[in-house]
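The values are calculated or read from the model by the stated rules, or taken from the named source; none is laboratory data. Because the structure is a prediction, the values reported are computed rather than measured. Positions of Cβ are generated from backbone atoms using ideal geometry, with glycine treated the same way; all protein chains shown enter the neighbour counts. Areas reflect the complete protein model, heavy atoms only, side chains present, ligands, DNA and RNA absent. Shrake-Rupley method; radii C 1.70, N 1.55, O 1.52, S 1.80 Å.
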Amino acid sequence: MKLGFIGMGAMGSAIASGALQAGFIKAADLFFTDGAPGKNRLATEFGATQLADNEQLLEKVDAVLIAVKPKHIGSVLAEVKPLLGNKLLISIAGGVPLASLEGDLKSGARVIRVMPNINALVGASMSAVCAGENAIEADKEFVLDLFNSVGHAIELEETLFGAFTALAGCAPAWAFTFVEALAKAGVAASLTKTQAVESATQMLLGSALMLQDGLSKGQHPGQLVDAVSSPGGSTIAGLLAGEDAGFSAAVVRMVEGAMAQDAKAAKS
């Protein structure tokens, strides 16, 4: 299948380059438009084809992935509407529901909505996929395979996208904030900032791998917490101090705040 990208910002570039590096798609089958002057690295480094405008793009592809900011999605859909035909349209615009996407296109349009996260930049994205009413099974399989090539993708009901966006889309920033907070504590305890950040980052990476391993074995995070928490030890003392400061409650409030904003954006 020939795939086109409209929008070569950080996410669009990460998904396209990741799919090429993973061998999911050949450079000869990937086309894109990019408003930035000069040649894009997808063309210079990977051999994908950069086109001058979206009309040329739609003439060459079987599916098009729109990776523009949500505020620009309406104008892009208006442009592609008369050109789309029976081609598959994939949107990664946050907060823009399927009903809105399909409503801006001709009746019968094949649409799939995807919510990836910023970790696509390092080939470790977590993505949720939801197919519109006219998308066929092969469309869904193609999109799941595409986003699995840059991380991990699951099929999810659109009503759950708000919660998913908070947990997977917003939470990387919270994880970075957590590492920064740990680093501040480390510096206060006489580590250098570099030593503190390196230590906390490797801890987070290793912990994520342990969580994945535990998930494959049917374990839940609480069991891993118990495995690290020795009776009367420093780990449980730190956990109790965190709960006394409202750690878990604060995380829940963060998720709720992100979901509220996502719902607000979907209505606007």
Hey, any hits in segment 15-22 for a residue that's more than 24 Å from residue 158 (Cβ to Cβ), under 16 Å from the mean Cα position of the chain (by Cα), assigned to a helix (DSSP H, G or I) and aliphatic (A, V, I, L, M)? yes
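Being in contact (Cβ under 8 Å) with a residue 60 or more places away in the chain, open to solvent by 90 Å² or more (accessible area, probe 1.4 Å) and not hydroxyl-bearing (Ser, Thr, Tyr) is true for just one of 205, 209, 167. Which residue is that? Explain how you work it out, then say what you get.
Values: 205 fails: in contact (Cβ under 8 Å) with a residue 60 or more places away in the chain; 209 fails: in contact (Cβ under 8 Å) with a residue 60 or more places away in the chain.
Exactly one residue qualifies, and that residue is 167.
Any residue in segment 46-54 that is surrounded by fewer than 14 Cβ atoms within 10 Å (Cβ to Cβ), among the charged types (D, E, K, R), within 27 Å of residue 262 (Cβ to Cβ) and at pLDDT below 95? Walk me through how you get there before you give the answer.
The initial filter retains those residues of segment 46-54 that are surrounded by fewer than 14 Cβ atoms within 10 Å (Cβ to Cβ), namely 47, 52-53.
Next cut, among the charged types (D, E, K, R) only: 53.
With the extra rule that they be within 27 Å of residue 262 (Cβ to Cβ), the set shrinks to none.
Checked segment 46-54: no residue is surrounded by fewer than 14 Cβ atoms within 10 Å (Cβ to Cβ), among the charged types (D, E, K, R), within 27 Å of residue 262 (Cβ to Cβ) and at pLDDT below 95.
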Identify the residue in segment 155-164 that is in contact (Cβ under 8 Å) with a residue 12 or more places away in the chain and open to solvent by 80 Å² or more (accessible area, probe 1.4 Å) and, among all such residues, is nearest to residue 114 (Cα to Cα). 155
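Condition first: of a type in the set (S, T, N, Q) and open to solvent by 70 Å² or more (accessible area, probe 1.4 Å). Now tell me which residues in segment 78-96 satisfy that.
Taking segment 78-96 first, the residues of a type in the set (S, T, N, Q) are 86, 91.
Within segment 78-96, 86 is the sole residue that qualifies.
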Among what's in segment 24-38 and is at pLDDT 95 or above and open to solvent by 60 Å² or more (accessible area, probe 1.4 Å), pick the residue that is nearest to residue 141 (Cα to Cα). 24
Every listed condition ((1) open to solvent by 50 Å² or more (accessible area, probe 1.4 Å); (2) aliphatic (A, V, I, L, M); (3) closer than 24 Å to residue 259 by Cα; (4) outside any helix (DSSP H, G or I)) holds for residue 99 save (4)
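Could you check, for segment 111-127, whether at least one of its residues is of a type in the set (Val, Ile, Thr), exposed (fewer than 14 other Cβ atoms within 10 Å of the Cβ), in a helix (DSSP H, G or I) and touching a helix residue (DSSP H, G or I) at 6+ places or on another chain (Cβ under 9 Å)? Show your work before the answer.
Restricting attention to segment 111-127, the residues satisfying the condition of being of a type in the set (Val, Ile, Thr) are 111-112, 114, 118, 122.
From what's left, exposed (fewer than 14 other Cβ atoms within 10 Å of the Cβ): 122.
Narrowing further to those that are in a helix (DSSP H, G or I): 122.
Subsequent filtering for residues that are touching a helix residue (DSSP H, G or I) at 6+ places or on another chain (Cβ under 9 Å) retains 122.
Yes, some residue in segment 111-127 is of a type in the set (Val, Ile, Thr), exposed (fewer than 14 other Cβ atoms within 10 Å of the Cβ), in a helix (DSSP H, G or I) and touching a helix residue (DSSP H, G or I) at 6+ places or on another chain (Cβ under 9 Å).
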In segment 187-268, which helices (runs of 4 or more DSSP H) lie fully inside it and hold 2 or more residues that are under 28 Å from the mean Cα position of the chain (by Cα)? 193-216, 221-228, 247-267
